[in-house]
1. For residues that are within 15 Å of the ligand (Cβ to nearest atom) and surrounded by 19 or more Cβ atoms within 10 Å (Cβ to Cβ), tally how many sit in region 33-47.
2. Quickly run through region 343-371 and pick out the residues that are surrounded by 13 or more Cβ atoms within 10 Å (Cβ to Cβ) and of a type in the set (D, E, K, R).
3. Mind checking which residues of region 193-220 are within 16 Å of the ligand (Cβ to nearest atom), part of a helix (DSSP H, G or I) and not charged (D, E, K, R)?
4. Looking at ALA327 and the list (1) buried (at least 19 other Cβ atoms within 10 Å of the Cβ); (2) without any contact (Cβ under 8 Å) to a residue 60 or more places away in the chain, which single condition is not satisfied?
5. Check THR126, THR180, THR152 and return the single one that is under 23 Å from CYS363 (Cβ atoms), within 16 Å of the ligand (Cβ to nearest atom) and open to solvent by less than 20 Å² (accessible area, probe 1.4 Å).
6. Has region 65-72 got any residue that is of a type outside the set (Asp, Glu) and either within 21 Å of TYR364 (Cα to Cα) or surrounded by 16 or more Cβ atoms within 10 Å (Cβ to Cβ) (or both)?
7. Kindly indicate which of LEU67, LEU30 is out of contact with any helix residue (DSSP H, G or I) (no Cβ under 6 Å at 6 or more places or on another chain), away from the ligand (no atom under 16 Å from the Cβ), part of a helix (DSSP H, G or I) and closer than 28 Å to GLU110 by Cβ.
8. If you take the residues in region 307-333 that are within 16 Å of the ligand (Cβ to nearest atom), under 19 Å from ILE215 (Cα atoms) and not aromatic (Phe, Trp, Tyr), which one is nearest to the chain's Cα centre (by Cα)?
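The values are calculated or read from the model by the stated rules, or taken from the named source; none is laboratory data. It should be emphasised that the depicted structure is a prediction, and the values quoted were computed from it without experimental measurement. FYI the Cβ positions are ideal-geometry reconstructions off the backbone, even for glycines, and counts take in every protein chain you see. When the accessible area is computed, the model is the full protein with side chains, heavy atoms only, and any ligands, DNA or RNA have been set aside. Shrake-Rupley method; radii C 1.70, N 1.55, O 1.52, S 1.80 Å.
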Amino acid sequence: MESRPLKIGITCFPLIGGSGILATALGTELADRGHAVHFFSYAKPVRLDLSAPRIHFHQVAVGQSSLFPCPDYTLPLAVKMAEVGQQEELDVFHVHYAVPHATAAFLASEMIENSAPKIVATLHGTDTTLLGPNPQYRAAIEHALLHSDAVTTVSESLRDQTEKTFKLRERIHVIPNFFTPATPTKSRDEMRRKLGISDEFLVVHMSNLRPVKRIDLLLQVIAKTSNRDRIRLLILAGGPFAPYEPLVDELGLRGHVIVREDAAAVENYLPAADAGLYTSENESFGLSILETLFFGKPVVAFRIGGIPEVVGDAAYLHEFGDIAAMASSLDALVDSPNVARELGERARARAEKYFTAAKIVPCYEALYRQVIA
Ligand code: GMT
């Protein structure tokens, strides 16, 4: 028997960051598969195409009452989710992050009472790693997770850490992230020309430059390579790079670092690169790393969090902080184009085997049907 299409509410952060990108890609794929998808956020998620069929967006205005010491988002979000959840008879609220999104979903379902949508909460990292140990938030996160009908994490590593941090009754489901590479609109040569690169070895790094990304270590690795004169570092930055400019000079890297703070089309930049370099001290998954693998580029990173689950043996991984080892891996790639090509192809094959939409989206659909049943 054909199963009926679902009505799914997705709550996520709208800005550049893996969780919003993943939530947007998931909603888009679900709508493609015939489900109705309602997004909730304070702004339109950056990659969301509002003209696509079955996609709806409900913008939540942040609460500004002068009674409160600061603007409030959780309550207006809960009210909007309750209104739409009831009107549209949503089956599921799929929230990305426990606080404030799963808390808002819990409040919304209390407001709706009977036939409230089921709640699926996906954890991307900080609920557990940053806020979990914080006594101001711990109990609220635990409450939101205990009142969700299912909790998922994006890696086994984050599941283990979450189960150690909170007292949960049910086992967490692990559903890894996926990525669908867009078709480049510019050639490798054209992009390299635009970037002012000829035959230099181009190393790419994509992140929001938060402290956890350890941009200090990223620059130090480049400075330590024997091939530094042949290497250029391209940083596709989802945050301001200005705080790191003094370190660029201190390490003598002026002229070696190219920063793009408005880089939306990663599908044009990644084929122009020769390798990816990631130096985060914590990463529950590493969506940027997955994007790099999909474009067949060899990756050098630290063996932390969920990264080993993403890259398997298709990348060079080193103990956290071992900058010398990272630099020599990069040197090996610069010196041996065949090794770089072979590792990049292995990376692409792994990404296409385990982390496509075709593989992952049905796991979410199955989970939604399980909680509804
Ligand atoms: O890493 C960030 O700063 C952004 C954050 C987010 O909310 O988008 O990323 C988290 O979620 C991504 C999508 O699941 C993961 O790929 C990142 O590894 C995770 N970041 C951390 O765990 C630090």
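1. Summing the residues that are within 15 Å of the ligand (Cβ to nearest atom) and surrounded by 19 or more Cβ atoms within 10 Å (Cβ to Cβ) in region 33-47 gives 2.
2. Matches in region 343-371: GLU345, ARG346, ARG348, ARG350, GLU352, LYS359, GLU365, ARG369.
3. If the condition is that a residue be within 16 Å of the ligand (Cβ to nearest atom), part of a helix (DSSP H, G or I) and not charged (D, E, K, R), then PRO211, VAL212, ILE215, LEU217, LEU218 are the ones that fit.
4. (2)
5. One residue alone meets the criteria, THR152.
6. Taking region 65-72 and keeping what is of a type outside the set (Asp, Glu), we get 65-71.
Applying the additional criterion that residues be either within 21 Å of TYR364 (Cα to Cα) or surrounded by 16 or more Cβ atoms within 10 Å (Cβ to Cβ) (or both) yields none.
Scanning region 65-72 turns up no residue that is of a type outside the set (Asp, Glu) and either within 21 Å of TYR364 (Cα to Cα) or surrounded by 16 or more Cβ atoms within 10 Å (Cβ to Cβ) (or both).
7. LEU30
8. Ranking the candidates gives ILE307 first.
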